[in-house]
Amino acid sequence: MRSTRLVKLIALLLLPGALMAAAPGTDTAPQAAAPKDPLVGDLLVAAPGMSDPRFVGTVILMVRHDKTGALGIVINHLVEKRTIASLLAAMGKPDASVHGTLPVFVGGPVEPTIGFVVHSAEYHRADTIPIDGHVAVTSNPAVLRDIGHGAGPAKYLLAFGYAGWGPGQLEAELAQHAWFTEPEDPKLVFDDDRDIVWKEALARRSRNL
């Protein structure tokens, strides 16, 4: 699923000053907004017959999709809950004044050391990527500090890694019915029990057929 062009896309568009520092010389200037792709903001749901064991029972929030490839973040593979203080300390940005915990997810098999905070869209920083008016993504550690000081988004999760596809790969997998799409719903992204998110997405598809 990974491609060199896709990795460059991430470095240029998704990680300015992020939870992992940009490479020296990387252009991190804000990018002009592109026309919204129909898949961006949708939930990509693994079909019951998914053959790739990494994605069985997976629901992915689509963040980017264009001619260079696609990127999404898994929202239902919870690993643990961690204190915000311990996360900031592990990133080399300790702050003893923060409070609280947040759920930590496996966001996908690519670049598992890169972190993304998926959050409700009322919170915005200069490097926040709006997705669909309901959900956004920020990968600057400042979002963790804001959450820990009660000034962050109302809803949030932290995911490490992402799912990535090269040009045409996701389209081929959709044509093979490895995945189907559902409209993004903040309840599925943030509120529902993570153990039932995939089954709930399947049930919604069945009701809509």
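We did not get these values from a lab; they are worked out from the coordinates using the rules stated. From a predicted model like this one, the values you see are computed outputs, not experimental measurements. Backbone-built Cβ (ideal geometry, glycine too); neighbour counts: all protein chains shown.
Limited to the stretch 112-131, what total is found for residues that are more than 14 Å from Leu157 (Cα to Cα), over 13 Å from the mean Cα position of the chain (by Cα) and of a type outside the set (Lys, Arg)? Residues that pass the stated criteria total 5. What do you reckon, is Ala159 of a type in the set (A, V, I, L, M) and over 19 Å from Thr58 (Cα atoms)? For Ala159, the condition - of a type in the set (A, V, I, L, M) and over 19 Å from Thr58 (Cα atoms) - is not met. Of the residues making up the stretch 181-209, those that are more than 18 Å from the chain's Cα centre (by Cα) and not in a helix (DSSP H, G or I) number 1. A single member of Pro53, Pro94, Pro103 is under 27 Å from Gln169 (Cα atoms) and surrounded by fewer than 18 Cβ atoms within 10 Å (Cβ to Cβ), and it is Pro53.
Please determine whether any residue of the stretch 113-123 is surrounded by 14 or more Cβ atoms within 10 Å (Cβ to Cβ), under 21 Å from Asp37 (Cα atoms), in contact with a Lys or Arg (Cβ under 6 Å, 6 or more places away or on another chain) and touching a residue at least 40 places away in the same chain (Cβ under 8 Å). The answer is yes, given that some residue of the stretch 113-123 is surrounded by 14 or more Cβ atoms within 10 Å (Cβ to Cβ), under 21 Å from Asp37 (Cα atoms), in contact with a Lys or Arg (Cβ under 6 Å, 6 or more places away or on another chain) and touching a residue at least 40 places away in the same chain (Cβ under 8 Å).
Annotation: Thr181 fulfils all but one of (1) in contact with a helix residue (DSSP H, G or I) (Cβ under 9 Å, 6 or more places away or on another chain); (2) over 12 Å from Leu44 (Cα atoms); the unmet one is (2).
All of (1) in a loop (DSSP other than H, G, I, E, B); (2) surrounded by 15 or more Cβ atoms within 10 Å (Cβ to Cβ); (3) not polar (S, T, N, Q) hold for Ala151 with one exception: (2).
Comparison of Val59, Val74, Val79 shows that the only residue that is more than 19 Å from Val143 (Cα to Cα) and out of contact with any helix residue (DSSP H, G or I) (no Cβ under 9 Å at 6 or more places or on another chain) is Val79.
When the test is whether a residue is under 22 Å from Glu122 (Cβ atoms), under 15 Å from the mean Cα position of the chain (by Cα) and crowded, with 16+ Cβ neighbours inside 10 Å, Tyr156 passes it.
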